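The structure is given below, and queries will be raised subsequently.
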Amino acid sequence: MRDLTELILDLIRDVPDYPKPGIVFKDITPLLADHAAFSAVIDALAEGLDVDKVVGIEARGFILAAPVALRAGAGFVPIRKKGKLPAATFDASYDLEYGSAVIEVHRDAFAPGERVLVVDDVLATGGTARAAVELVNRAGAHVVGVSVLMELAFLKGRERLDGVEPRALVVV
Ligand code: AMP
């Protein structure tokens, strides 16, 4: 097995000018299609975890967070775009590298004080992760970490996550 950083860098494809001019989209589908790489990434994200719930952010966050939750012996909680969750929710709005959005979590997704890891594919400006942390806190749980496959350091998303040190498998 090649070094994990090298594997991730090789298998995340840059798609220039998607979804709009000037954005270089980090496409994780080649990595997901490679069993050894996908499995190594899930192992790395789950390593040493001691949490009650793993939160995935719609949609690519789901693909990573659900197997991490299973591997870590934790439950999985989805944070979804507005209007998709059926029961009572908390919502938070935020700005994206390209556009803006509202995300939601079920009000009863966590027991009070549960330990939570938030997982997404890419940390860009940090707006999404910050809103996710806010939602988990409002729902009465405690965020112990934010983990991503790839951090785009030039967008300084890390600086927007006060009090939570994000962990990235690869920083570019
Ligand atoms: P941000 O809120 O700016 O940190 O953006 C992070 C969210 O948007 C994540 O859910 C990513 O999936 C997505 N995202 C932002 N920028 C990119 C990018 N350049 N390539 C792939 N996904 C991105």
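The values are calculated or read from the model by the stated rules, or taken from the named source; none is laboratory data. Because the structure is predicted, anything quoted here is derived from the model rather than measured. We place every Cβ from the backbone using ideal geometry, glycine too, and count neighbours over all the protein chains shown. Ligands, DNA and RNA are excluded from the accessible area calculation, which covers all protein heavy atoms including side chains. Shrake-Rupley method; radii C 1.70, N 1.55, O 1.52, S 1.80 Å.
If I ask for residues that are closer than 19 Å to residue 45 by Cβ, near the ligand (Cβ under 10 Å from one of its atoms) and either among the aliphatic types (A, V, I, L, M) or part of a helix (DSSP H, G or I) (or both), which ones from the stretch 122-134 would you list? Before you say what the answer is, go through the steps one by one.
Taking the stretch 122-134 first, the residues closer than 19 Å to residue 45 by Cβ are 122-124, 126, 128-129, 132-133.
With near the ligand (Cβ under 10 Å from one of its atoms) added as a condition, the list becomes 122-124, 126, 128-129, 132.
122, 123, 124, 128, 129, 132 - these are the residues of the stretch 122-134 that are closer than 19 Å to residue 45 by Cβ, near the ligand (Cβ under 10 Å from one of its atoms) and either among the aliphatic types (A, V, I, L, M) or part of a helix (DSSP H, G or I) (or both).
Exactly one condition in (1) over 22 Å from residue 14 (Cα atoms); (2) in contact with a strand residue (DSSP E or B) (Cβ under 9 Å, 6 or more places away or on another chain); (3) small (Gly, Ala, Ser) is false for residue 127; which is it?
(1)
I need every pair where a residue in the stretch 75-87 that is closer than 19 Å to residue 101 by Cβ and of a type in the set (D, E, K, R) has its Cβ under 7 Å from the Cβ of a residue that is part of a loop (DSSP other than H, G, I, E, B) and open to solvent by less than 70 Å² (accessible area, probe 1.4 Å), sequence separation at least 6 or different chains.
Sorted first by the residue in the stretch 75-87, then by its partner, the pairs are 80/58; 81/58.
If the requirement is being within 11 Å of the ligand (Cβ to nearest atom), farther than 21 Å from residue 146 by Cβ and not basic (Lys, Arg), which of these qualifies: 83, 61, 56, 22?
Working: 83 fails: within 11 Å of the ligand (Cβ to nearest atom); 61 fails: farther than 21 Å from residue 146 by Cβ; 56 fails: farther than 21 Å from residue 146 by Cβ.
None of the others qualify; the one that does is 22.
Which numbered condition in (1) farther than 24 Å from residue 136 by Cβ; (2) away from the ligand (no atom under 16 Å from the Cβ); (3) not in a helix (DSSP H, G or I) is the only one that residue 51 fails?
Result: residue 51 passes all but (1).
Hey, residue 137 hits all of (1) away from the ligand (no atom under 16 Å from the Cβ); (2) not hydrophobic (A, V, I, L, M, F, W, C); (3) not in a helix (DSSP H, G or I) but one; which does it fall short on?
(3)
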